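Contents: one structure, followed by commentary.
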Amino acid sequence: VARSHVEVALKHPIKLIANALGSPPADVIAQAHDAGVPVAALAGSATHALRHVENGVDIVVAQGHEAGGHTGEIASMVLVPEVVDAVGRETSVLAAGGIGTGRQVAAALALGASGVWMGSAFLTAAEYDLGVRDSGGVSVVQKALLNATSADTVRRRIYTGKPARLLKSRWTDAWDAPDAPAPLPMPLQNILVSEAHQRMNESTDPTTVAMPVGQIVGRMNAIRPVAEIIAELVSGFEAATKRLDAIAAD
Ligand SMILES: Cc1cc2nc3c(=O)[nH]c(=O)nc-3n(C[C@H](O)[C@H](O)[C@H](O)COP(=O)(O)O)c2cc1C
């Protein structure tokens with residue numbers, strides 16, 4: 001199935017193919033390269049990152065524990081410099097996991113990354129269509145995200161069978177109950193729950209949603225257009241680097 005997705009993607013003017021959960025197969029990397037498209041892959045450890053480089057991946061996304069979705073055990077603060085040092089200067093490293101402000105972008109570049117890669121912060125973008133919306137244009141999932149603090153995520157196997165960071169909800173609590181069944185291995189768990197997820201996310205109850213999101217959810221407190229999110233990242237980055245320049249000049 002993934003190979004057919006790649007074929008469809010390459011028929012469009014795409015700039016990048018990115019892969020989670022391991023390097024893409026060698027033939028997929030070759031196919032992307034033949035089309036002039038670079039390949040990125042997510043890494044939760046320096047070992048993953050080195051494997052990606054050996055396999056021909058162009059850009060490594062060093063993604064820390066605090067990220068939304070499938071994520072490893074090592075926090076971004078520790079992981080990013082480890083990956084940068086492991087892969088060397090020829091491979092670009094993007095920092096991911098917990099980034100949602102310009103200060104965090106500056107920190108990521110200070111850790112040696114060439115750039116950042118964000119996911120969660122865009123879930124509360126005005127443009128993001130997460131199903132049924134209320135009269136104010138906010139979906140039930142976005143309502144749940146707006147209400148959450150940085151402590152309201154859990155890393156569980158219940159979404160896909162592999163550990164993924166999710167919004168804590170009555171659904172994740174139910175799977176944590178002592179009498180709850182163990183999640184099935186990938187890909188069976190997602191097949192088991194995806195219909196239920198759809199129903200919950202289209203309901204009107206923000207306490208029972210199923211949504212991958214990272215710890216940065218605590219700062220996702222308003223629905224805003226993407227242009228505004230990016231403009232604030234840029235101005236926050238500039239303010240942070242000015243402050244650091246002033247400290248360095250002292
Ligand atoms: C809802 C959601 C779905 C995601 N799905 C994928 C995916 O299918 N493939 C992938 O490579 N990464 C996926 N990710 C991970 C992102 O690419 C990114 O690495 C991550 O969101 C970065 O951390 P952050 O959430 O703290 O910004 C997903 C993340 C979220 C929040």
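Less than 22 Å apart at the alpha-carbon level, and either on another chain or at least 8 residues along: which lysines does that give for LYS168?
Within the straight-line cut-off, LYS168 pairs with LYS143.
Relative contact order for segment 157-250 using alpha-carbon pairs under 8 Å, separation at least 6, rounded to a whole percent?
Details: 65 pairs, mean separation 29.3, N = 94.
Computed over segment 157-250, the figure is 31 percent.
Tell me, in nm to one decimal, what length is gained between ALA35 and ALA110 on full extension, where the rule is 0.36 nm per residue of separation less the Cα-Cα distance?
Working: separation 75, 0.36 × 75 = 27.00 nm, distance 3.31 nm.
Net length gain for the segment: 23.7 nm.
In whole angstrom, how far apart do the alpha carbon centroids of segment 81-127 and segment 159-235 sit?
Taking the Cα centre of segment 159-235 as reference, the centre of segment 81-127 is 22 Å away.
May I ask you to give the solvent-accessible area per residue for segment 37-135, in square angstrom, as obtained with a 1.4 angstrom probe?
On the way: 4330 Å² over 99 residues.
In whole numbers, segment 37-135 has 44 Å² accessible per residue.
Among the aspartates and glutamates, which fall within straight-line cross-link reach of LYS242, defined as a Cα-Cα distance under 16 Å, with same-chain neighbours fewer than 8 residues apart omitted?
Hits, sequence-local ones excluded: GLU232, ASP250.
Within 10 Å, count the other beta carbons around each residue, average over each peptide in 94-107, 201-214, 67-80, and list them highest first.
Working: 94-107: 23.8, 201-214: 19.4, 67-80: 21.3.
Highest-to-lowest ranking by the protection proxy: 94-107, 67-80, 201-214.
For the chain, which whole percent of the accessible surface, found with a 1.4 angstrom probe, sits on carbon and sulfur atoms?
On the way: 7490 of 13210 Å².
Result for the chain: 57 percent of the exposed heavy-atom area is carbon or sulfur.
At 18 angstrom or more along the helix axis (alpha-carbon based) and mean Kyte-Doolittle of 0.0 or higher, what helices does the chain contain? Whole DSSP H runs only.
Once both thresholds are applied, what remains is 226-249.
The values are calculated or read from the model by the stated rules, or taken from the named source; none is laboratory data. From a predicted model like this one, the values you see are computed outputs, not experimental measurements. Every residue, glycine among them, receives a Cβ derived from its backbone with ideal geometry; neighbour counts consider all protein chains shown. SASA here: full protein model, heavy atoms, side chains in, ligands and nucleic acids out. Shrake-Rupley method; radii C 1.70, N 1.55, O 1.52, S 1.80 Å.
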